[in-house]
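Working notes, structure below.
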Amino acid sequence: MSDKKVGGPAKKGLVSWILYFTDEKKGSYVASVLFAIMSVACCIAPYFMIARIVRQLMDGVRDWNLFLRECGIVALFWFGNVLFHAISTSMSHIATFNLLGTIRKRLCDKLTRLPLGTVLDMPSGSLKSTMIDRIDSMETTLAHIIPEYTSNIILSIALVAYLFVLDWRLALASLAVLPVGFIAMCFMFKDGPARFQYALDKTKILNDTAVEYINGIEVIKAFGKSKASYDRFVTAAEEGSACYVEWMRDCIWPHAVATVVTPSLILSLLPIGGFMFLHGSVSASMFITVIILALSAVQPFLIAFTYHDDIAKAGAIFDEVGSIMSLPELDRPAADLRKPADNSIVLKNVRFSYHKGIAGEEKKEILHGINMTLPQGSYSAFVGPSGSGKSTIARLIASLWDVDSGSIEIGGVDIRNLSLEEYNHRVAYVSQDNFLFDMSVRDNIRLGREGATDTEVEEVAKKSGCYDFIMSLEHGFDTVVGGSGAHLSGGERQRIAIARAMMKDAPIVILDEATAYTDPENEAIIQKSVARLVKGKTLIVIAHRISTVSDADKLYVIKNGAIDSSGTHEELLAQGGLYKNMWEAHISAKDGE
């Protein structure tokens, strides 16, 4: 099931969330509940048999064969309890693992449909905590809560109802202690949701601090800031544990009262029932039967009671998931509404603001009415000071964000009328921070086109100029590059990223400072690779070295989110201004090397 949006508010009930994510495994959950009811019924049935045996003995029955048969029936019930519980648990676990997998898949799909800025605003530690740790922590709860909580609640209610059928006076007497336990529970669960949310927030801060500390360990060691940075982590860890300790400390006495008093139905039943028996208002057999059945009602009630905290925690985690699932997505259709006539690119009065915070509550306009036309097969370059908006324009064209106003058209069609899947096939985007996955070089290149053969991968590597260095690695194309490509140098990672883009063979290529981290020798190799990559394609290059794009068909000089000037290299030099100043500064820097 591929959903675009949750289709409602992020807040839902626990059952609603489970039904929403369960998909085809709803039948497994229903069957697990039925088997759980049968299991609990088999657990309670022996109490009815014991009450029957006691009444027979009190009535003078001395048929030992009858008692043996009834004891055999009791044994069968206990066996049925174990058998049905095993079947119910197995089915609920299978359904739960499917459910958790579905949640993670939908979250991953959701992230691909969100604007890049929204994803970047999510702290990686918090996102990892939600998608891995939090969701994983629900496994035990969901695997047991659905069959066991449901079945135990149903049978507890059924038993109490049956007690009222036998003798409503004794039934009320057995429930006399419940108000005490209920009051204790109210104190125990007071501010529970707020406390749990506070604990979740502190845990997220701990996760984020830990990720920051680990990612910044090189800087911490280089600048001798380990104590200050470690103190932040220690503080986060202490606050993360203190919130749970304080919460448990406040709940310990109400919890003790609730768990001791609530199940003790005979505390009130024995004296009240004994008084009634002595005054002849209830028979001995009825009194004993109610005592035995009241004891049998305790176990399912206790089991259901233990799941209360887990239900609250699961609900809070589902709300976290829901807050991500309800985020606004890029406005794209499922299929192209119109087919572009060609691969030309036109920007019309494009304005864009970076929205800070997941809710986008803060924004600052970065681009102020950008207009440009990039013909099919042309080579265009964006240059300008750092922070001027060059990469932002490239990312908007790559459909990583949506414009605030104005439009971007490909072949005369607004890109918002093109599906993300089809658009991704049309555009290859290579940035200075290209990410490599922790798998082999071969598989990283193959990401450019699913199903590419080993021979095709190797041919692309040769064309991109990285075949020789790949073959020099320990296992050649089968060398695992490490997390984010950590086992390779920056230049090697970039060359593999170029090969991946070549494998994609998209008609529009965007290079966002793709040679920023490379030395002159590797830069020359990459330039040759790019020349092969872009032959006959619409090329956009963002460069920090002006000399590498001076041969572009047209250069756009970006300053403070607007186009300062545009033209060929010679035209811009003739105009003077910012471009000429940047060129002269660049030439002076090269002469000084």
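General remarks:
- Heavy-atom accessible area per residue - the chain, 1.4 Å, Å²: 50
- Under a 5 Å amide H cut-off, with hydrogens placed 1.01 Å from N, Met439 pairs with Val481, Gly482 among residues at least 5 apart or on other chains.
- Percentage relative contact order, the chain, counting C-alpha pairs under 8 Å, at least six apart: 15
- Cα long-axis angle, helix 284-306 against the chain (0 to 90 degrees, to the nearest 10): 10
- Accessible surface of Glu238, taken over heavy atoms with a 1.4 Å probe and every protein chain present, rounds to 110 Å².
- Helix 578-591 vs. the chain, principal-axis angle (Cα, 0 to 90°, nearest 10): 80
- Every helix of 4 or more DSSP H residues in the chain counts as -39500 (n - 2.57), and over all residues that averages to -19500 deg cm²/dmol at 222 nm.
- The residues Thr455, Thr96, sorted by heavy-atom accessible surface at 1.4 Å with ligands and nucleic acids left out, run Thr455, Thr96 from largest to smallest.
- Direction-averaged projected area, Cα convex hull, the chain: 37.0 nm², rounded to one decimal.
- When the Cα positions of Ile145, Val509, Ser174 are compared along the charge dipole of the chain, Ser174 comes out farthest toward the positive end, with charges on each C-beta of Lys, Arg, Asp and Glu.
- Fraction of beta bridges assigned by DSSP in the chain that are antiparallel (%, nearest 5): 55
- Dipole magnitude (debye, nearest 20) for segment 298-398, charges at Cβ of Lys, Arg, Asp, Glu: 680
- The dipole here belongs to segment 290-350: it is taken about the Cα centre, uses +1 on the Cβ of Lys and Arg and -1 on the Cβ of Asp and Glu, and is about 260 debye.
- Remark: the chain carries a charge dipole of roughly 1180 debye about the Cα centre, counting +1 on each Lys and Arg Cβ and -1 on each Asp and Glu Cβ.
- In terms of distances greater than 18 angstrom between alpha carbons, the cross-link table entries Lys128/Lys204; Lys462/Lys554; Lys110/Lys313; Lys105/Lys128 yield Lys462/Lys554; Lys110/Lys313.
- For the chain, leaving out every one of the chymotrypsin sites (Phe, Trp or Tyr not before Pro) that falls in a DSSP loop and has at most 15 other Cβ atoms within 10 Å, the longest unbroken run is 1-222.
- Ordered by solvent-accessible area of protein heavy atoms (1.4 Å probe), largest first, the residues Met248, Met49 come out as Met248, Met49.
- Gain on full extension, evaluated as 0.36 nm per residue between Val245 and Asp309 minus their Cα-Cα distance, stands at 21.5 nm.
- Spatially, segment 448-497 and segment 88-164 are offset by 39 Å when compared through their Cα centroids.
- Helix 26-58 and the long axis of the chain differ in direction by around 10°, with both axes built from C-alpha atoms.
The values are calculated or read from the model by the stated rules, or taken from the named source; none is laboratory data. No experiment lies behind these values; they were computed from the predicted model shown. Note that we place each Cβ from the backbone using ideal geometry, even for glycine, and neighbour counts take in every protein chain shown. Areas reflect the complete protein model, heavy atoms only, side chains present, ligands, DNA and RNA absent. Shrake-Rupley method; radii C 1.70, N 1.55, O 1.52, S 1.80 Å.
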